[in-house]
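Let me begin by presenting the structure, written as structure tokens, before commenting on it.
The values are calculated or read from the model by the stated rules, or taken from the named source; none is laboratory data. Values in this document were obtained by computation on a predicted structure and should not be read as measured data. Note that we place each Cβ from the backbone using ideal geometry, even for glycine, and neighbour counts take in every protein chain shown.
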Amino acid sequence: MRTLAFQMPDRGGGPTGPRIRVGRPSRRARTLLTTLGVLAVLGMAFTMFAGFWTDWLWYRSVHYSSVFTTTLWTKIGLFAVFGLLMAAAVGFNIWLAHRMRPPLSAMSTEQQSLDRYRMGIAPFKRWLLCGITALVGLVAGASAASQWRTWLMWVNGVPFHQQDPQFHLDVSFYAFDLPWYRFLIGFGFAATILSLIAAALTHYLYGGLRVTSPGARATSAATGHLSVLLGVFVALKAVAYWLDRYGLAVKSSDFKAAGNWTGLRYVDANAYLPAKTILFCIAVICALLFFAALWRRTWQLPVIGFGLMVLSAVLIGGLYPAIVQKFQVQPNEQAKEAPYVAKNIKATREAYGIDDTKVSEYAGESATKDRTKLRDDVDSAASIRILDPNIVSPTFQQLQQMRNYYTFPNNLDVDRYTKDGKVQDTVVGLRELNLAGIPKKNWINNHFRYTHGYGVVAAKGTEADANGRPVFTESDLPSTGQLGTYQQRVYYGEKTTTYSIVGGPQKEIDYSDDNGEKTTSYREKSGVSLSSPVNRAAYAVALGEPQILYSGAIGEGSRILYNRTPKERVEAVAPWLTIDGDAYPAVVDGRIQWIVDAYTTTNGYPYASRTTLGDTTADSLTYNNNQRAVVAQQNQVNYIRNSVKATVDAYTGQVKLYQWDTEDPVLKTWMKAFPGTVHPKGAISPELMAHLRYPQDLFKVQRELLTRYHVQDAQTFLSGSEVWQVPNDPTNKSGNAVPPYYLTMKMPDQTAQAFSLTTTFTPNGRDNLSSFMAVDSQAGTRDYGQIRVLKLPTSKTVDGPKQVQSQFNSNSQQNIAEFVRLIRGGDSEIEYGNLLTVPLDGGLLYVEPVYVRGGGLKYPLLRKVLVTYGGSTAFEDTLGKALDAVFGAEGPPADTGTGRPPSAGNPTAEQALQDAQKAFDDGQAALKKGDWQAYGQAQQDLQDALKRAQQAQSRADRTAGGSGGSAGKGGGTPSATPAPGRSPGAAPSGG
């Protein structure tokens, strides 16, 4: 290397100064640069290794390593095969074009000007060829690897044993085969186009093609080469035309008369289908003409053929169908489209599992004149849940949180538990870990000390105490109650989103009581061991936490827990499933198990209309509560089954998948692809079966489809006169759909109550009720999954949810407006609970709990219950009082036969009634002040006083009866005292 010398005058006036030499870097610098380069490469390699290694360790820890290996090897195989195919195709055509280059003496002036480029790449042409082929191979391989689901479904597909009505092919062809064929065609087009571009550039660079030079534009060799590539392209287009014929059965289009449409219509069957067949034939002929150019060495016939194909595509594939639609279909659309609409209705109902829906007519009003007879029927019609799981989470939080580092989900869950042989609807929540509430945040506390939640909290769904608080059946810390003994530690939950390191020298905080903190150490084999330095280094890199590598808090027995939410774990072990948005906990066999519903889906069911899961499953809860998980997939599907029930152990994190739909061909296909991952349905224990239920997201998809597809007559469907809509939630102003509600109730054709999921429909664009829908949600019963729809007559108007809520808000006779004014006049606010609908004797009973938050309290308490039936509305402190008022169950005082008030001459009863009046007055005064604690105490005193009055009068009646007096047919009961079996009545009007 040359050295540069600079001469500079010295200070002493000498002719030259010192010489500064700039030379090559020293050996030390070169060594340093080399070392840094090697370290950078090693760092990148270890980072990639860490991601791979930690994934493998996690799958092995949950005993689903076969899922990891099957997915990995499938991706590697697709990457390698299609990457090599693409690289070989492009590389071969570049090599062939180079080999066919004309001699230099034959090159034109134009080509001679490119000599400098040829000379420039000549020394590197082999490396350049390898680089180009490697690049296209990597891109193609990565694209092919992403199709691992398509490949596995194609190679493992099982038949549906159902045929499409147009081509009479098994549905599996559209669900499993057609997507793979389309991928192959797409790959073929990409390989052909890239090869054509690469070959053309090579021919141009080496003189096979000319642009500005006089004479022939291409050598015969270049003409033959490029014509073959063009012939391959047109041949692939012919295959694409043929597949497009079948694609019409799963094609989506906007059909004005029917909305989102899938499948063939009249114009498809009578114009597009024959057009695709004709275009296939023309493309085959055109491809043969291109191949013939190998012998004729001319572009004339291929160009004519290609032009004919393009013109045919415009005229036959575009103009002709438009003419058919304009002049044949539109003048008589209903008659032309009706046969195809009938096919769409049938396929859609089958694909979404709504084909056996029972639709029955329902009067909408009761024919019973004496409503007092219906009061007892309410208890047999439904176990009305007045505890709203979507509102009372702050109440659970305030009363049962116990420590700031615990929390409850924003939306609690409804489950069933048996007590004394009776099944009871129960609102359930887990006391999960809340890192935001720990006293002092640091790495040790966040990941070693505070690692888990503790215990289940449960309350009766149908009751509240005198203060409006939940009636807990499982509470305190540790939790005690009706659930018995079970493992209470919650290491895996919906709120547990960070990693924890457990089982090592650092003790964990278990829970705290009056005696201080209790500690524990995790002893299960869940998670990944950090005993190995390689594992520690891998997790330090993967999690970006270097302390994992050298922390003294990690030692023998330390294990790292991550991917801890139930949804994350099920998605990871079964990436081919779509997960329901609401996992819920249940105590099963002494363990807390998260129950997760999972779906198999496809968008290849012929003629079935598509829906977008993320949009269809959205409602007012998902809008108001961003913490609740939602089915996030925005891909469109047109077939769905709740084929898998999964459980995640809250202590060990163990994931189990159970086959639920034993007939689903999509699940059978995935079970072939991942053998041994799904347990048979018979492995579900009776204890677990008792807690399984119909999933909400599937129900919301089905109810959205039933707004149109409850109609089975094609003419009525096309007219749009019977279209329903899911009403907006009237209890809030979000403008989103009302959520479905779990409720134990009895439909008219049922002999006993069943745990059900319910919703309502209104006519499109109107607020009155059009129908009521319920699905039997009690797993393990004969009718599980049976959808029932009560269709109201169109000749009369029945109030819908919005109208009922409006009546509640404006009803002055029941002092509702006054109550609202008093509450909002202070520092309190009203929260309306779930508006429940119950069919009763031909009419519809609406029940809505009313909660009040404020008056110094940070959580809502149940204060009132709104009930309406047949135009009568009640607004009372308890459900029993409201039902008594609506059905007129509180009659006048019974005649004792003495002509005097029941309590006359009974000092004890008189004093009790005076105490009741005082308690009532105190309660009203507390209500005006917004003092809810005093109001609750007054309500309790009122009930105690009324009970004392009833007992005192009963004793007096028995005494009178024993001395020959007239007790009088159960008389002698104070007028303010409720009938046996009823909730306490209204407060007495006098002393």
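Details
Each row is one residue, and each column tells you yes or no for (1) part of a helix (DSSP H, G or I); (2) touching a His at 6+ places or on another chain (Cβ under 8 Å); (3) buried (at least 19 other Cβ atoms within 10 Å of the Cβ); (4) not charged (D, E, K, R).
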{"residue": "Ser143", "(1), (2), (3), (4)": "yes, no, no, yes"}
{"residue": "Arg149", "(1), (2), (3), (4)": "yes, no, no, no"}
{"residue": "Trp154", "(1), (2), (3), (4)": "yes, no, yes, yes"}
{"residue": "Ala175", "(1), (2), (3), (4)": "yes, no, yes, yes"}
{"residue": "Ile185", "(1), (2), (3), (4)": "yes, no, no, yes"}
{"residue": "Ala191", "(1), (2), (3), (4)": "yes, no, yes, yes"}
{"residue": "Ile197", "(1), (2), (3), (4)": "yes, no, no, yes"}
{"residue": "Thr202", "(1), (2), (3), (4)": "yes, yes, yes, yes"}
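- Residue match in the range 471-483 (condition: touching a Pro at 6+ places or on another chain (Cβ under 9 Å) and of a type in the set (S, T, N, Q)): no
- The lone criterion from (1) part of a loop (DSSP other than H, G, I, E, B); (2) farther than 14 Å from Thr762 by Cα left unmet by Met671 is number (1).
- Breaking point among (1) in contact with a Lys or Arg (Cβ under 9 Å, 6 or more places away or on another chain); (2) buried (at least 19 other Cβ atoms within 10 Å of the Cβ), for Ser253: (2)
- Count of the range 363-404 residues, restricted to those that are of a type in the set (Lys, Arg) and assigned to a helix (DSSP H, G or I), is 3.
- Those helices (runs of 4 or more DSSP H) lying entirely in the range 230-344 with at least 2 residues over 30 Å from Asn638 (Cα atoms): 273-296, 300-314
- Filter result (closer than 20 Å to Gly364 by Cα and surrounded by 23 or more Cβ atoms within 10 Å (Cβ to Cβ)) within the range 772-782: Met773, Ala774, Val775
- Members of the range 745-760 found to be surrounded by 15 or more Cβ atoms within 10 Å (Cβ to Cβ) and part of a loop (DSSP other than H, G, I, E, B), listed by number: Lys746, Met747, Gln750, Gln753
- Condition met for Ala347 (assigned to a helix (DSSP H, G or I) and either among the β-branched types (Val, Ile, Thr) or buried (at least 19 other Cβ atoms within 10 Å of the Cβ) (or both)): yes
- Selection within the range 709-744: residues that are small (Gly, Ala, Ser) and exposed (fewer than 14 other Cβ atoms within 10 Å of the Cβ). The member of this set that is modelled with the lowest pLDDT is Gly735.
- When the range 462-474 is filtered for residues that are closer than 24 Å to Gly854 by Cβ, of a type outside the set (A, V, I, L, M, F, W, C) and in contact with a Lys or Arg (Cβ under 7 Å, 6 or more places away or on another chain), only Gly468 remains.
- Residue within the range 56-63 that is at pLDDT 90 or above and of a type in the set (Lys, Arg) present: yes
- Single residue of the range 583-628 satisfying the filter (of a type in the set (Asp, Glu) and at pLDDT below 90) that is farthest from Ala347 (Cα to Cα): Asp619
- In summary, Pro575 fulfils each of the numbered conditions (1) over 30 Å from Thr616 (Cβ atoms); (2) in a loop (DSSP other than H, G, I, E, B); (3) modelled with pLDDT of 90 or more with the single exception of condition (1).
- Residue within the range 368-388 that is among the hydrophobic types (A, V, I, L, M, F, W, C) and without any contact (Cβ under 8 Å) to a residue 40 or more places away in the chain present: no
- Test for Asp413: is it farther than 29 Å from Tyr539 by Cα, over 27 Å from the mean Cα position of the chain (by Cα), surrounded by fewer than 23 Cβ atoms within 10 Å (Cβ to Cβ) and among the acidic types (Asp, Glu): no
- Where strands (runs of 3 or more DSSP E) sit wholly within the range 458-562, those with at least 2 residues that are at pLDDT 90 or above and within 30 Å of Asp420 (Cβ to Cβ) occupy 470-475.
- Residue tally, condition at pLDDT 70 or above and among the small types (Gly, Ala, Ser), over the range 87-144: 13
- Selection from the range 416-434 of residues that are surrounded by fewer than 23 Cβ atoms within 10 Å (Cβ to Cβ) and either part of a loop (DSSP other than H, G, I, E, B) or free of Cβ contacts under 8 Å to residues at least 24 places away in the same chain (or both): Asp420, Gly421, Lys422, Asn434
- Meets criteria (assigned to a helix (DSSP H, G or I) and either assigned by TED's automatic domain parsing to the domain that holds Leu196 or in contact (Cβ under 8 Å) with a residue 60 or more places away in the chain (or both)) for Phe52: no
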